[in-house]
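Worksheet: one structure, shown below.
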Amino acid sequence: MELKTKIKKTLEKIKKEDKEINSFLVLREEKEILKDAENSKGKLAGKIIGVKSNICVKGLKTSCASKVLENYVAPYDATVIERIKKEGGIIIGMTNMDEFACGFSGESSAFGATKNPVNLKYVPGGSSSGSAAAVSAGFCDIALGSDTGGSIRNPSSHCGVVGLKPSYGAVSRYGLIDLSMSLDQIGPIAKNVEDVALLFSVIQGKDEKDPTTLEISKINLEEIKKPIKDIKVGILDLEGLNYDERIYSLLKEKIEKASEKYGWKLKTIKLNYLDLAVETYYPLVYVEFFSGTRKFDGRKYGKKIEEYAGPEVLRRVFGGSEISKAEYRGRYYNSALKVKSLITKEFEKAFKEVDCIVCPVTPRLPWKIGEKISIEEAYASDVFTVPSSLAGNCALSLPIGKIDSLPAGMQIICDKAQEEKLLRIGRSIESLNE
Ligand code: GLN
């Protein structure tokens, strides 16, 4: 299809269907998008791209789906956006999300919940809810999300699409509005591994504006197309954790098929301290989020956060302020850092034995929009995604089929800077269906 027609059709579809799904907060003018399309040359030529509303795009509202930044128009492009534009990517708009990326279901946006395009009665997952929903609904080819403890992987799993959380430092965070700076990563969401790899190859790499970025070699897109043989796969032992057995069985079925086809060796692998991961993650996030949000005091950027944010954001701001008080020093934040390093060491040990670790992305299927979930249960949605975030590893969320007509996902985790191998494994599993 000619690019101009593709864009017009996509915009028509969004205008018709997104009233219900609510995946976009900002949609650019058709004539501006068409103008960009005329100069769309490079690796991303012709690709329509959605951007999570916490990543700065010059001239567009980057509201973090919050009343606090409701009228904030980014004055500059995040590094990932600069790179996307240079390679001809066509940005069509800003996607909905959980407010300030604090969430798991897409329900905490100040501008209304996003619905799951697979079944509109269900949540799409979060916090990159709009990005995953937009890809799943066919509103864009690729979308950018951010992942601190699971926010790319969780909604990708719930919406039946592919999402990559890169290793910490693999992608520049310059221009990303922080949730927790020691854990946040920007990454791509798309319908297939190839498009995820393509966008990752464009945004990855050292950036002098973000000193935490690492010099990691560029992934080779041709390599990713080739199935990977003779690897060792660790199936994560989930003993002691709560999860839906049906997701785990589906995952094992898939991995056994892959093992037969490609000669992969399978073994069960145990990681200690998994039961502490969520309890470790939240104090870190609360403290870093509290610190990062001190700039939202109503003077320079938007409105005062304490006066305008929703309940989940306030829980973290007030909780973070408590934990940060001098009298608690060493009790929460420092203990959390200690467990973080224990979990990191568990992964390092495991990756001496296996090439990757597989487990479910989420412990349960998407829930119904508005269903009452306790905060503990909601925080537990991240039980399988948080460990690799704490360790800084790369991880992929891959659709593996449906249970009760709702999508389920497999998470594949590889060691730091092993994105090429991770994507090859993902692509090999994906191609079992072809
Ligand atoms: N659900 C997690 C949280 O609320 C993850 C958020 C994220 O990865 N941005 O913190």
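Things worth noting here:
- Normalised by residue count, segment 221-343 yields a Cα convex hull volume of 192 Å³ per residue.
- For the chain, the orientation-averaged shadow of the C-alpha convex hull comes to 19.3 nm² (one quarter of the hull surface).
- Ranked packing of 46-53, 142-149, most packed first, by mean Cβ within 10 Å: 142-149, 46-53
- Counting only residues at least eight positions apart within a chain, or on another chain, the lysines with an alpha carbon under 19 Å from that of Lys261 are Lys225, Lys226, Lys229, Lys232, Lys252, Lys421.
- Charge dipole magnitude, Cβ of K and R +1, D and E -1 - segment 151-297, Cα centre, debye nearest 20: 480 debye
- Considering only segment 1-138, percent of DSSP beta bridges that pair antiparallel, nearest 5: 45 percent
- The chain - mean residue ellipticity at 222 nm from DSSP helices (-39,500 (n - 2.57) per run, n ≥ 4, rounded to 500): -11500 deg cm²/dmol
- Per-residue Karplus couplings for segment 301-309, computed as 6.51 cos²θ - 1.76 cosθ + 1.60 with θ equal to phi - 60°, are listed in order as 10, x, 9, 5, 4, 5, 9, 10, 7 Hz, Gly and Pro entered as x.
- In plain terms, the residue of Tyr301, Tyr262, Tyr281 with the fewest other Cβ atoms within 10 Å comes first and the most crowded comes last, giving Tyr301, Tyr262, Tyr281.
- Ordering of 163-171, 425-433 by burial proxy (mean other Cβ atoms within 10 Å per residue, highest first): 163-171, 425-433
- Taken about its Cα centre, the chain carries a charge dipole of roughly 660 debye when the Cβ of each Lys and Arg holds +1 and the Cβ of each Asp and Glu holds -1.
- Listed residue (Ala65, Ala258, Phe318) projecting farthest to the positive dipole end of the chain, Cβ model: Ala65
- Note on Lys252 and Lys402: with the Förster distance fixed at 22 Å, the Cβ-Cβ geometry gives a FRET efficiency of about 0.85.
- Kirkwood Rh (inverse of mean 1/r, distinct Cα pairs), segment 357-434, angstrom: 13.8 Å
- Under a model in which nothing but the beta-carbon of Lys, Arg (+1) and Asp, Glu (-1) is charged, segment 354-434 shows a dipole of about 80 debye around its Cα centre.
- Within the listed set Ser131, Ser180, Ser157, the residue fluctuating most in the Gaussian network model of the chain (springs between alpha-carbon atoms under 10 angstrom) is Ser180.
- Relative contact order (percent, whole number), segment 1-142, Cα cutoff 8 Å, 6+ residue spacing: 28 percent
- Å³ per residue enclosed by the Cα convex hull of segment 107-222: 97 Å³
- Above 16 Å, the calculated P(r) of segment 39-120 contains 55 percent of its Cα-Cα pairs.
- Nearest-0.05 FRET efficiency for Asp237 and Met181, computed from C-beta distance (R0 30 Å): 0.40
- Relative contact order computed over the chain (Cα-Cα under 8 Å; 6+ residues apart), in percent: 17 percent
- Selected from Leu34, Ile21, Ala74, residue furthest toward positive end of dipole (segment 1-89; charges at beta carbon): Leu34
The numbers here are math on the coordinates, done by the rules we state, and not lab data. Everything numeric here is computed off the predicted structure, so don't read it as measured data. With ideal geometry, Cβ positions are generated from the backbone for all residues, glycine too; neighbour counts draw on all protein chains shown.
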